[in-house]
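The values are calculated or read from the model by the stated rules, or taken from the named source; none is laboratory data. Keep in mind that this is a model prediction, so the values were computed, not measured. A quick note on method: Cβ atoms are made from the backbone with ideal geometry, for glycine too, and the neighbour counts reach across all protein chains shown. Ligands, DNA and RNA are stripped out before the accessible areas are found, and what is left, the full protein with its side chains, is counted by its heavy atoms. Shrake-Rupley method; radii C 1.70, N 1.55, O 1.52, S 1.80 Å.
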Amino acid sequence: MKENQQQLHRGLEERHITLMSLGAAIGVGLFLGSASAIKLAGPGILFAYGFSGLIMFFIMRALGEMAIQKPVAGSFSKYARDYLGPLAGYLTGWNYWFLWVVTCMAEITAVGIYMKYWFPSVATWIWALAALVLMTMVNFLAVKAYGELEFWFALIKIVTIVAMIGLSICMILFGIGNGGVATGISNLWENGGLFPNGIKGVLLSLQMVMFAYLGIEMIGVTAGEVKNPEKTLAKAIDSVFWRILIFYVGALFVIMAIYPWQEIGTQGSPFVLTFEKFGIRGAAGIINFVVLTAALSSCNSGIFSTGRMLFNLAEHNEAPKAYSKLTKGGVPGIAVLASAGALLIGVVLNYVVPAKVFTWVTSIATFGAIWTWGVILLSQIRYRKSLSPEERQQVKYAMPFFPYSSYISLAFLAAVIGIMAYNPDTRIALIIGPLWLVSLTAVYYAKGFHKKAQVGTAKEEKIG
């Protein structure tokens, strides 16, 4: 194959990948999932988001350290292959594909629910199918055009959150929108204290909190298609962490300052209530539109990620070879269609979705994300150990406080898995997740991928 046919196009700029990872992370987790997390932890949820955010920063820096040295499509799947072995790379690639397919099922289902606001008589599954077809078509655009569209999708959410935070600060400090009576921030501790359900409540909220951060690692997936990776990835990783922390912690801080925490979610979206207090007509319609774009944006990012992971797996002969074929625009078209095909299951689920499906889906996706984040940290530890003392001095984007930050982050991820095992609602993820990994491992050995990997490694060593 000619090189220009084989290579993904480097069409993404810094603003594209920054907003893409923000778009992937700021989805229904903030607009819908945060209400259930607040019920568990009360105002203590701010500490859960803050500390989890710090751990995510370390994970992103670990990813950045490797991505800047080796900016490739498939990112952490490729690093796992290089530093932890072929099986780890194979499992990580397919696992990431699975977690985004599961997440996108939740997102397209959400699209159907949001559209009922305007079209109550139309069946949910029709909108879910329409969203899937539309987002698949978008993913066939040249990567720069895709990045541009995702940029504006994400911007809608960000502008809404910033506006909500700004208006809320006016109400907290000056009473604007509240009859001139400043609300202050006493609601944060007057209704049972900062930790009304104790530390246990904060710990139980961690699964939903970590689900909210899912998607931030997408910066690594874009590494093979970004211009000037060294400069762009470093700036994007540092800025995305702070922005997500401000959006999540900032938005929840002002919401819980204005409304008693136990009332949040009982009278509709706090975003809608806040805008209505300021006399903004059609606030419910505006927020519904924003949340709709949030779900579409997250689904869009998911199809992008899964397509690139299948492309990387196909290049290593661990997925059908057709998935490595690129369109003229440099898009792995067949891989994108394969992911969209798997998402049709989500459309079917709209017929039979019970009440607990959202919790199940988010917990299964969180398990998949924790595996990915854990692999990133383990790969980075092995990567560092593979360097000579001189090479370690020359690392361009070093992980801060290494190795302590890496081991503390791994311990935190293990603790979240333990909490998920303790909680009956999230325990299903620890059945489905490991079963999926065991099934993948069985296929890996049954198909003889381990023998191909040994041959490939031997060839690389010969060339080296």
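Restricting to the stretch 294-323, what's the tally of residues that are buried (at least 20 other Cβ atoms within 10 Å of the Cβ), assigned to a helix (DSSP H, G or I) and in contact (Cβ under 8 Å) with a residue 60 or more places away in the chain? Here the count works out to 20. Within the stretch 343-369, being crowded, with 18+ Cβ neighbours inside 10 Å and either touching a strand residue (DSSP E or B) at 6+ places or on another chain (Cβ under 7 Å) or modelled with pLDDT of 75 or more (or both) holds for Leu343, Ser363, Ile364, Ala365, Thr366, Phe367, Gly368, Ala369.
Out of the stretch 168-194, which residues are part of a helix (DSSP H, G or I) and of a type in the set (A, V, I, L, M)? Hits for the stretch 168-194 are Ile169, Met171, Ile172, Leu173, Leu188.
For every residue, the table says whether it meets (1) surrounded by fewer than 18 Cβ atoms within 10 Å (Cβ to Cβ); (2) at pLDDT 80 or above; (3) part of a loop (DSSP other than H, G, I, E, B).
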| site | (1), (2), (3) |
| --- | --- |
| Glu148 | no, no, no |
| Ile158 | yes, yes, no |
| Gly166 | yes, yes, no |
| Leu204 | no, yes, no |
| Met210 | no, yes, no |
| Val221 | no, no, no |
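The rows are residues; the columns are (1) in contact (Cβ under 8 Å) with a residue 60 or more places away in the chain; (2) in a helix (DSSP H, G or I); (3) over 20 Å from the mean Cα position of the chain (by Cα).
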residue	(1), (2), (3)
Glu390	no, yes, yes
Tyr397	yes, no, yes
Ser405	yes, yes, yes
Asp425	yes, no, yes
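Taking Ile126, is it open to solvent by 50 Å² or more (accessible area, probe 1.4 Å), of a type outside the set (Asp, Glu) and out of contact with any helix residue (DSSP H, G or I) (no Cβ under 7 Å at 6 or more places or on another chain)? Yes: the conditions hold for Ile126.
Note on the stretch 1-97: enclosed helices (runs of 4 or more DSSP H) holding 2 or more residues that are closer than 20 Å to Arg243 by Cβ and modelled with pLDDT under 80 are 14-25.
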